[in-house]
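The values are calculated or read from the model by the stated rules, or taken from the named source; none is laboratory data. The shown structure was predicted, so the numbers you read here are calculated from the model rather than taken from an experiment. Note: ideal-geometry Cβ built from the backbone for every residue, glycine included; neighbour counts use all protein chains shown.
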Amino acid sequence: MKIALFYYDGFAEFEIVLAAMVFPRQHEIIAIALENREYKSEEGQRFCIDQVIQDVDVDSIDLLVIPGGDPAPLVASREFKDFIEKLVARNKKVAGICGGAEALAGMGFLKGKKCTGGTLGEKPGADGYQYFADTLLSDEYVVVDGNFITAQGLAYVEFAVELARQMGLLTSEEAYADRLRYFKNIR
């Protein structure tokens, strides 16, 4: 299985660290972006990528994960939208948390779909929700509709565990609950 993490300037690293961690080492995780350069996360850390999206073999990707951050540049990127359209056409899974979900909505991928996104304290109608006008916006932490997985920014633990479940790594409710307890340090 190959999981692609999408990097862009100001992405929220903390929202996808656990998402990367839930996949055992036998699964390949690659970092992709629009340009071949260094990216700086919201937390101020610098990241290098493995490939630019134009060089990614979309048939090899099983899951694309889009972290939060400012969705506006992503929504405006035709290249990024084309890349996601190729993934969708091949029935691949696409996940967005917080601003990543907003970007998916803003590009029209979530039109008519149940989804969630944004973060704690934001309410529908606020600026952060401008892209969700044509969606079935839910206040749930994580929503799965078809091949799209969306999450609120505060639900990074639930997002990570749901990604593992969606990719077939957690095959029972007990395994799902155990993984949630592990990440939340609940005994």
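Within region 141-155, being over 27 Å from LYS86 (Cβ atoms) and in contact with an Asp or Glu (Cβ under 6 Å, 6 or more places away or on another chain) holds for one residue alone: TYR141.
The residue that is farthest from ILE84 (Cα to Cα), among those in region 22-50 that are of a type in the set (Lys, Arg) and out of contact with any strand residue (DSSP E or B) (no Cβ under 8 Å at 6 or more places or on another chain), is ARG25.
Looking at region 34-70 only, could you name the residues that are aliphatic (A, V, I, L, M) and under 15 Å from GLY96 (Cα atoms)? LEU63, LEU64, VAL65, ILE66 - these are the residues of region 34-70 that are aliphatic (A, V, I, L, M) and under 15 Å from GLY96 (Cα atoms). Scanning for something in contact with a Leu (Cβ under 8 Å, 6 or more places away or on another chain) and either assigned to a strand (DSSP E or B) or without any contact (Cβ under 8 Å) to a residue 24 or more places away in the chain (or both), does region 140-148 turn up at least one residue? Checked region 140-148: at least one residue is in contact with a Leu (Cβ under 8 Å, 6 or more places away or on another chain) and either assigned to a strand (DSSP E or B) or without any contact (Cβ under 8 Å) to a residue 24 or more places away in the chain (or both).
Residue count for region 34-52 satisfying the condition of being outside any loop (DSSP other than H, G, I, E, B) and of a type outside the set (Lys, Arg): 4. From the list ALA95, ALA31, the one residue that fits, being of a type outside the set (Ser, Thr, Tyr) and either crowded, with 16+ Cβ neighbours inside 10 Å or assigned to a loop (DSSP other than H, G, I, E, B) (or both), is ALA95.
Filtering region 35-50 for residues that are free of Cβ contacts under 8 Å to residues at least 40 places away in the same chain, closer than 22 Å to ARG90 by Cα and under 17 Å from the mean Cα position of the chain (by Cα) leaves an empty set.
In region 149-175, the qualifying residues are those that are small (Gly, Ala, Ser) and part of a helix (DSSP H, G or I), and the one that is surrounded by the fewest Cβ atoms within 10 Å (Cβ to Cβ) is ALA175.
Looking at region 53-75, can you tell me whether even one residue there is among the charged types (D, E, K, R), assigned to a strand (DSSP E or B) and closer than 30 Å to TYR176 by Cβ? The answer is no, given that none of the residues of region 53-75 is among the charged types (D, E, K, R), assigned to a strand (DSSP E or B) and closer than 30 Å to TYR176 by Cβ.
Applying the criterion of being within 14 Å of the chain's Cα centre (by Cα) and either aromatic (Phe, Trp, Tyr) or not in a loop (DSSP other than H, G, I, E, B) (or both) to the residues of region 107-139, the residue that is modelled with the lowest pLDDT is CYS115. Filtering region 70-81 for residues that are at pLDDT below 95, surrounded by 18 or more Cβ atoms within 10 Å (Cβ to Cβ) and out of contact with any Lys or Arg (no Cβ under 8 Å at 6 or more places or on another chain) leaves a non-empty set.
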